[in-house]
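Chemist: The structure's right below; bear with me while I get my questions together.
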Amino acid sequence: MKIGITADCSSCLDYFPRKHNVKITRTAIHFGNETLIDGIDITADEFYERLKKSDIIPTTSAPTPGEIMARVEEWKAEGCTDVIHFPISFNLSAYGENLQAIGKDIFEGVNFYVFDTRTACIMEGYVAYYAEILANKGYTVEEILAECEKLRNNTVAFFVVDDLKYLVKNGRLSTVEGFIGSLVGIKPILELNDEGKIVPYEKVRTHKKAINRILEIVKEKSVGHKRVRYLVQHAGRHEDALELMERVKQEMPNVESVEFSVITPTVGAHIGYGLLGIARIILDDLAEEI
């Protein structure tokens with residue numbers, strides 16, 4: 001038995017800080033009538049520079065069945081009998097759940113599985129990366145899925161965005177909340193919760209206060225654990241993210257490592273320019289080093 005791992009480009013694996021061999025499915029980014037393939041036609045840095053200068057709110061199209069079929073065929077050609085796919089949270093996109101429903105009908109000669117990561121961005125990437133580590137060590141599909149569930153359940157993420165219009169347009173905040181936030185300068189702290197949904201966590205009045213509070217929240221949720229990996233994420237705020245990394249190193253408990261990732265355009269199209277946030281993964285109970 002040989003197991004191949006695939007993931008969506010929403011996983012930020014194009015910018016992942018560790019070497020991997022996960023095969024990535026691609027999303028289309030639409031700026032009006034122009035279509036660009038994430039990670040092929042446009043990088044994250046190029047995307048956020050364009051977003052700053054454009055009045056167009058981009059949209060996305062999920063990977064096509066042909067795209068995922070091509071990745072699966074690549075694994076079949078390498079001798080894989082099983083393929084596990086790791087999409088963005090089912091509660092952020094219907095793509096993964098739809099793929100799960102039709103997967104057994106469209107793939108021949110391979111056992112195909114879809115795992116609901118209930119997360120996104122580098123956290124999603126880490127779940128797929130861990131699955132690859134386990135597959136390379138000879139774990140079964142069932143064992144891999146159980147370990148990935150453990151990793152998923154040990155992850156939290158909090159962030160703040162510059163402009164609420166993207167979240168409002170994409171249904172993540174109500175129009176009323178977005179209007180009030182824009183009017184009085186409220187910066188809602190958002191959580192990617194354990195159901196894989198983006199939900200308001202707290203409201204503060206400035207970006208600086210939001211970042212300070214996120215540090216406090218993540219610290220509170222990390223106390224009592226032995227080994228914690230912290231992940232700083234940004235959407236076009238490279239220098240701010242580097243500064244935040246230093247604060248995380250100094251202020252957080254039980255730091256195993258602090259890593260850094262830009263948000264892929266696939267996700268950036270839905271949250272806009274300027275996101276800054278922190279996630280943490282508890283490593284204590286994992287079966288293998290990650």
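The values are calculated or read from the model by the stated rules, or taken from the named source; none is laboratory data. Remember, it's a predicted structure, so these values are computed and weren't measured experimentally. With ideal geometry, Cβ positions are generated from the backbone for all residues, glycine too; neighbour counts draw on all protein chains shown.
Chemist: Scan the stretch 3-26 residue by residue and report those that are part of a strand (DSSP E or B) and acidic (D, E).
Modeler: The one that is part of a strand (DSSP E or B) and acidic (D, E): D8.
Chemist: If you go through the stretch 172-192 one residue at a time, do you hit one that is on the phi > 0 side of the Ramachandran plot and modelled with pLDDT under 90?
Modeler: yes
Chemist: I would also like to ask the following. Give the stretch 190-229 a look and list any residue that's basic (K, R) and free of Cβ contacts under 8 Å to residues at least 40 places away in the same chain, or say none.
Modeler: Of everything in the stretch 190-229, those that are basic (K, R) and free of Cβ contacts under 8 Å to residues at least 40 places away in the same chain turn out to be K203, R205, K208, K209, R213, K219.
Chemist: Out of curiosity, is H238 crowded, with 22+ Cβ neighbours inside 10 Å, within 23 Å of G39 (Cα to Cα) and not small (G, A, S)?
Modeler: So H238 does not fit the description; no.
Chemist: Please work out which one of (1) under 17 Å from the mean Cα position of the chain (by Cα); (2) crowded, with 18+ Cβ neighbours inside 10 Å; (3) more than 14 Å from I24 (Cβ to Cβ) is the condition F112 fails and give its number.
Modeler: If we test F112 against (1) under 17 Å from the mean Cα position of the chain (by Cα); (2) crowded, with 18+ Cβ neighbours inside 10 Å; (3) more than 14 Å from I24 (Cβ to Cβ), just (1) comes out false.
Chemist: Which ranges mark the strands (runs of 3 or more DSSP E) fully within the stretch 61-168 that have 1 or more residues being within 29 Å of E34 (Cβ to Cβ)?
Modeler: Answer list for the stretch 61-168: 82-86, 155-160.
Chemist: Of the residues that sit in the stretch 230-275 and are touching an Asp or Glu at 6+ places or on another chain (Cβ under 7 Å) and at positive phi, which one is modelled with the highest pLDDT?
Modeler: The residue in question is G274.
For (1) over 22 Å from Y126 (Cβ atoms); (2) touching a residue at least 12 places away in the same chain (Cβ under 8 Å); (3) buried (at least 22 other Cβ atoms within 10 Å of the Cβ), each residue gets a yes or a no:
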residue: A7; (1), (2), (3): no, yes, yes
residue: L13; (1), (2), (3): no, yes, yes
residue: R18; (1), (2), (3): no, yes, no
residue: T25; (1), (2), (3): no, yes, yes
residue: H30; (1), (2), (3): yes, yes, no
residue: S54; (1), (2), (3): yes, yes, no
residue: I57; (1), (2), (3): yes, yes, no
residue: P65; (1), (2), (3): yes, yes, no
residue: M69; (1), (2), (3): yes, yes, no
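Chemist: Can you tell me which residue among I57, I102, I88 is of a type in the set (V, I, T), under 15 Å from V267 (Cβ atoms) and more than 19 Å from the chain's Cα centre (by Cα)?
Modeler: I57
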